[in-house]
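Down below is the structure, laid out as structure tokens.
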Amino acid sequence: MISEEFLNRFRQIMAILCCVFGLPGNLLTIIVCIKALYLRTIHFQRKVFHLYLVEISILDTCLLLYWIIETLLNYLHKIQRIEFLSLMHMSAFSCYFSYMMNRLCAALCSWLLTCFTFIRFINIFHKFNTIRSNIILLISLIVIFSIANSYSFIVLEYNPKQISHRNSTHKNGTVVDYRSVCTIRSKYAEDRLTLLMNILVAGVLSLAIPALLISIVNITILCVIKRIYSTQIDDKTKRRSDITNYRSTRSTLLVISITYALFYLPYIIFYFLMIILEDRDGTLYYWSEITYILRHVSHSVNFYAYMFTSLSFRHECILLVRSLFQPCLYFKKRRQYKRKKKRSQLILIDKSPLPPPVPFYSSLNGKSLRITTNQRLEQFNFNQQEEHRNTSGKTETWM
């Protein structure tokens, strides 16, 4: 049997890894795809692709943040720094809305990825990418799963009186159930209809059906692509168009959808095993906790899957890095240009001959500017007379 201490350590280590690698990757994906949406105005197929990536990355970020905050609160409560164990026990608002928002984000992420897989599969045979369909799909999913999870407002209750009782018993050194602040109402605790509703909404509709559909569609995509390549060995005219359609559905989508299915299917299996079977020694509980922790890996690795499988995404990342470092590069080049210009001016000054000194006249030496001008005119006339004499002397000797 796995100890509780091991589960806590494993959860803390995975939360740190997801915080270090998952959250920055999702934020970079959001920034890169939003930037690509503003740049691309003609290629609507690529715009829809980036729009889906933005939506999935936002939901991944919300799910990771919720889980990391829950892990942090659990650790602080364990070392007795805070009184509440989870976000649900902080206030009445968090009791009713945090649980619902976590389930809503998980359901939206699962079904958006499922619909994205279906659309890319249909795109092999017919182009079916429109921004309008994406917006309608997102609004429909939000409305459907908000209504489906609204039963939590009726089932849950927040009892603030438990807080004072908890503090007094904590001073006495007794053990108190900290989950008793926000809990299921007593009349719904053993109600079979409520339990069935919880299983259908949280387990079947939100997680099980999307994971199964994603697995089936991915297997179908691989079979169709294999058949296309096997039947097009001799037909070279249609090969280019089919390769283009294949490239639009390959790598990126397959990696993120298969990653989702691999990390969610074990959790779904143990989730239903705990409902069907009786867990006497706690083995199913510990393995369900491990699979629940590992399922958050699928929300942390999408950025790296995009980087390794999509050439256009790598190109957008490079453009983003260049735009971020462009001011630094500009100031660096400007500084280098100024230094180079200053050096060239120094070299030109050293090589150029010095100009003749200009005499300085002032009233101190008793000379004026008018006298210097007359002296220059007399000197000029004297030089012309001397040249005339020299030329006349030469002509007379020649005669």
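The values are calculated or read from the model by the stated rules, or taken from the named source; none is laboratory data. Fair warning: this is a prediction, and the values are worked out from it, not measured in the lab. Cβ placement follows ideal geometry from the backbone for every residue including glycine, while neighbour counts extend to all protein chains displayed. With ligands, DNA and RNA removed, areas are computed over all heavy atoms of the protein, side chains included. Shrake-Rupley method; radii C 1.70, N 1.55, O 1.52, S 1.80 Å.
Filter the stretch 248-290 down to the residues that are open to solvent by less than 40 Å² (accessible area, probe 1.4 Å), of a type in the set (Val, Ile, Thr) and within 26 Å of Arg192 (Cβ to Cβ) and list them by number.
Ile268
Across the stretch 32-53, what is the number of residues that are surrounded by fewer than 20 Cβ atoms within 10 Å (Cβ to Cβ) and either hydroxyl-bearing (Ser, Thr, Tyr) or at pLDDT 90 or above (or both)?
Here the count works out to 2.
Output the number of residues of the stretch 184-201 satisfying the condition of being over 22 Å from Phe270 (Cα atoms) and either touching a Leu at 6+ places or on another chain (Cβ under 8 Å) or buried (at least 17 other Cβ atoms within 10 Å of the Cβ) (or both).
Start the filter on the stretch 184-201 by keeping residues that are over 22 Å from Phe270 (Cα atoms), which leaves 184-188, 191.
After this cut, where a residue has to be either touching a Leu at 6+ places or on another chain (Cβ under 8 Å) or buried (at least 17 other Cβ atoms within 10 Å of the Cβ) (or both) as well, the list is 184-185, 188.
Final tally of qualifying residues: 3.
Take the residues of the stretch 210-223 that are of a type in the set (A, V, I, L, M, F, W, C) and touching a residue at least 40 places away in the same chain (Cβ under 8 Å): which is most open to solvent (accessible area, probe 1.4 Å)?
At the first step, the residues of the stretch 210-223 found to be of a type in the set (A, V, I, L, M, F, W, C) are 211-214, 216-217, 219, 221-223.
Now drop any that are not touching a residue at least 40 places away in the same chain (Cβ under 8 Å), which leaves 211, 213-214, 217, 221.
On the way: Ala211: 0, Leu213: 52, Ile214: 1, Val217: 11, Ile221: 0 Å².
Among those that are of a type in the set (A, V, I, L, M, F, W, C) and touching a residue at least 40 places away in the same chain (Cβ under 8 Å), it is Leu213.
Let's see how each residue does on (1) among the acidic types (Asp, Glu); (2) over 30 Å from Phe84 (Cα atoms); (3) modelled with pLDDT of 75 or more:
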{"residue": "Thr117", "(1), (2), (3)": "no, yes, yes"}
{"residue": "Ile122", "(1), (2), (3)": "no, yes, yes"}
{"residue": "Lys127", "(1), (2), (3)": "no, yes, no"}
{"residue": "Arg132", "(1), (2), (3)": "no, yes, yes"}
{"residue": "Leu137", "(1), (2), (3)": "no, yes, yes"}
{"residue": "Phe145", "(1), (2), (3)": "no, no, yes"}
{"residue": "Ala148", "(1), (2), (3)": "no, no, yes"}
{"residue": "Tyr151", "(1), (2), (3)": "no, no, yes"}
{"residue": "Lys161", "(1), (2), (3)": "no, no, no"}
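Hey, can you tell me all the residues within the stretch 278-289 that are in a helix (DSSP H, G or I) and either under 14 Å from Trp67 (Cβ atoms) or not hydrophobic (A, V, I, L, M, F, W, C) (or both)?
To start, the set of residues in the stretch 278-289 that are in a helix (DSSP H, G or I) comprises 283-289.
Correct list: Thr283, Tyr285, Tyr286, Ser288, Glu289.
Can you tell me how many residues within the stretch 275-294 are modelled with pLDDT of 90 or more and β-branched (Val, Ile, Thr)?
Counting residues in the stretch 275-294 that are modelled with pLDDT of 90 or more and β-branched (Val, Ile, Thr) gives 3.
Do we find a residue being modelled with pLDDT under 70 and open to solvent by 100 Å² or more (accessible area, probe 1.4 Å) anywhere in the stretch 320-339? Give the derivation first.
Step one: of the stretch 320-339, the residues modelled with pLDDT under 70 are 329-330.
Filter once more, so that each one left must be open to solvent by 100 Å² or more (accessible area, probe 1.4 Å): 330.
Yes, the stretch 320-339 contains a residue that is modelled with pLDDT under 70 and open to solvent by 100 Å² or more (accessible area, probe 1.4 Å).
Residues in the stretch 295-303: is at least one part of a helix (DSSP H, G or I), open to solvent by 50 Å² or more (accessible area, probe 1.4 Å) and modelled with pLDDT of 75 or more? Quick ask: steps written out before the conclusion?
Taking the stretch 295-303 and keeping what is part of a helix (DSSP H, G or I), we get 295-299, 302-303.
Right, trim to open to solvent by 50 Å² or more (accessible area, probe 1.4 Å) and you get none.
For the stretch 295-303, residues part of a helix (DSSP H, G or I), open to solvent by 50 Å² or more (accessible area, probe 1.4 Å) and modelled with pLDDT of 75 or more: absent.
Kindly provide the set of residues from the stretch 75-118 that are under 15 Å from Leu213 (Cα atoms) and open to solvent by 20 Å² or more (accessible area, probe 1.4 Å), ordered by number.
Trp111, Cys115, Phe118
Is there any pair linking a residue in the stretch 183-195 that is within 16 Å of Asn159 (Cα to Cα) to one that is open to solvent by 50 Å² or more (accessible area, probe 1.4 Å) and assigned to a loop (DSSP other than H, G, I, E, B), with Cβ under 8 Å and at least six apart or on different chains, and which?
Cβ pairs passing all conditions: Thr183/Asn159.
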